[in-house]
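For reference, the structure discussed in these notes is given below.
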Amino acid sequence: MLQAFYTGLSGMFSFSDNLDTVSNNIANMNTPGFRGAENFYKSLSYSDGSYGSQIESVGYRFSAGDIRQTGNASDLAISGNGFFTLLKDDQKLYTRAGQFIFNDLGELTDRSSGAAIAALDDNGELKKLDISALKVLPPKPTSSVSLSGNLSSESASHTINGVVVYNTLGEATELKLLFAKNTAVAGSWTVTVQDSDGATLHTAEIRFNADGSPSPAFNDFSFELEDSRGTKSAVEFDFGLGFGQATSVASGATSTIKAKVNDGYALSELQQVSFTAEGTLTLRYANGEKKNHLRLAISDFGNKNALEQVEGSLFRSTDNASLTLGRAGEGSLGQIVPQSLELSNVDLSKEFADMIIIQRGYQASSRMLNVANQLLEQLYENTRGR
């Protein structure tokens, strides 16, 4: 009879612990990346005289939650399998909550815990996703200019204005190309390169074949562009071969030849960051240049029971034997959904159903104590001779 008290009490303790878990699930139903938990009951052994139940362990539901757009460039979600990989205090953590932000050091971090978000380098090694050295794009000198269109063989001269090139310091120089027909040699033209002040920087000769295509021996030229410190860099002007770029055929007084600067830019600041579906960080600069950085590291586990909650939506692995580490879209790993967050996977209807079951179980266990108490009182009454 006394055992009934302890058995009923164990049931009340078990249901009370389970109610704590359910209440925590409901409290986090709007927490991004939160994984709902559930308690597993264990029956106490009869062999040692123990009766009742207790909570053996807590398990987590790893089904996917809904994905919603936020519009924030550093908010990320995973569509499919996998977890974001985080680095904190010499340990690896895992989460589905993609509320990330770049800190003052230029590192992508978890907004709540401050843990660094990991990426994979070209060697497959984990490293922090850091853009501190990429906030400014260094200047790149112009090395190639392509000429295309027709230089009329019936014309004596032609001018191309506004060809902007960059030196090693990123200083812009506006060039003017002056074409003058050389009547002494068939198909020959003299090209004079001037700056915006009219100073001559270079003079060269180009030639065209009888069919109007550039002559292979005279289809390009180059000169040294000097910066304000005296450093020089070569700029090549290419007229192409065949009829793919520049030509020189009869077209009256009209020439359509034009110059296209293929590379080179000035010093430029980082203007925007974004992520692709493959997890590649893309940097866009004020001058229009785009640069791809590292790809996010995605981890998945064949045995998700090896994951235990550390804090909030963060987990750590107690068994890495089933770990798969890679990049988004590789193998069975899911893809990145930019500017979005995955919500909690808590099912409110299931939690309400669990609450009803817990309530009934708690009531029944409490009733067991009440009945045992009544029987014990009756026994006491009998011993008093009533």
Original post:
Given Lys176/Lys290; Lys176/Lys232; Lys258/Lys291; Lys92/Lys304, which pairs have Cα atoms separated by over 24 Å?
Top reply: Lys176/Lys290; Lys258/Lys291
Subject >> Cα-based equivalent ellipsoid of the stretch 192-315: semi-axis lengths in Å, sorted from largest, via gyration tensor >> reply: 53, 21, 13
Original post:
Quick one: helix 348-383 against the long Cα principal axis of the chain, what's the angle to the nearest 10°, folded into 0 to 90?
Top reply: 20
**OP:** Compute the signed sum of charges (Lys and Arg +1, Asp and Glu -1) over the other residues within less than 13 Å, Cβ to Cβ, of Leu19.
**Re:** -4
**OP:** Sort Phe13, Phe239, Phe179 so the one with the fewest other Cβ atoms within 10 Å of its own Cβ comes first.
**Re:** Phe13, Phe179, Phe239
**OP:** Please compute the net charge surrounding Val185, taking Lys and Arg as +1 and Asp and Glu as -1 over other residues with Cβ under 11 Å from its Cβ.
**Re:** +1
Original post:
Pairing the Cα long axis of helix 2-27 with the longest principal axis of the chain, what angle in degrees results, from 0 to 90 and rounded to the nearest 10?
Top reply: 20
**OP:** Pull out the extension gain between Phe223 and Ala73, defined as 0.36 nm times the separation in residues minus the alpha carbon to alpha carbon distance; nm, one decimal.
**Re:** 49.7 nm
**OP:** Mind telling me which of Lys181, Lys92, Lys128 comes out most flexible in a GNM of the chain, alpha-carbon contacts under 10 Å?
**Re:** Lys181
Original post:
Pick the calculated Cα Rg over 2.2 N^0.38 Å for this structure from (1) 0.93; (2) 1.00; (3) 1.76?
Top reply: (3)
Original post:
Counting Lys +1, Arg +1, Asp -1, Glu -1, what net charge surrounds Ser268 among other residues with beta carbon under 13 Å of its beta carbon?
Top reply: +3
**OP:** Compute the Cα gyration tensor for the stretch 213-278, then decide on rounded, prolate or oblate, letting a ≥ b ≥ c be the square roots of its eigenvalues: rounded whenever a/c is under 1.5, prolate when a/b is larger than b/c in the other cases, and oblate in all that remain.
**Re:** oblate
Original post:
If contacts are Cα pairs under 8 angstrom and at least 6 residues apart, what is the relative contact order of the stretch 305-374 in percent?
Top reply: 12
Original post:
How do Val22, Val58 rank when sorted from fewest to most other Cβ atoms within 10 Å of their own Cβ?
Top reply: Val58, Val22
Original post:
What percent of all Cα-Cα pairs in the stretch 53-188 falls in each 5 Å bin, counting up from 0?
Top reply: 2, 7, 11, 11, 10, 8, 7, 6, 7, 6, 6, 6, 5, 4, 3, 1, 1, 1, 0, 0, 0, 0
Subject >> Length added when fully stretched, Leu134-Ala210, from 0.36 nm per residue minus Cα-Cα >> reply: 22.3 nm
**OP:** Treat each spin label as a single point 7 Å out from the Cα along the C-beta direction, and report the Gln309 to Ile357 distance in nm.
**Re:** 1.8
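Laboratory data are not the source of any read-out in this text; all were calculated from the coordinates shown. Treat the numbers as computed from the prediction; the structure is a model and nothing was measured. Quick reminder, even Gly has a Cβ in these numbers, built from the backbone with ideal geometry, and neighbours come from all protein chains shown.
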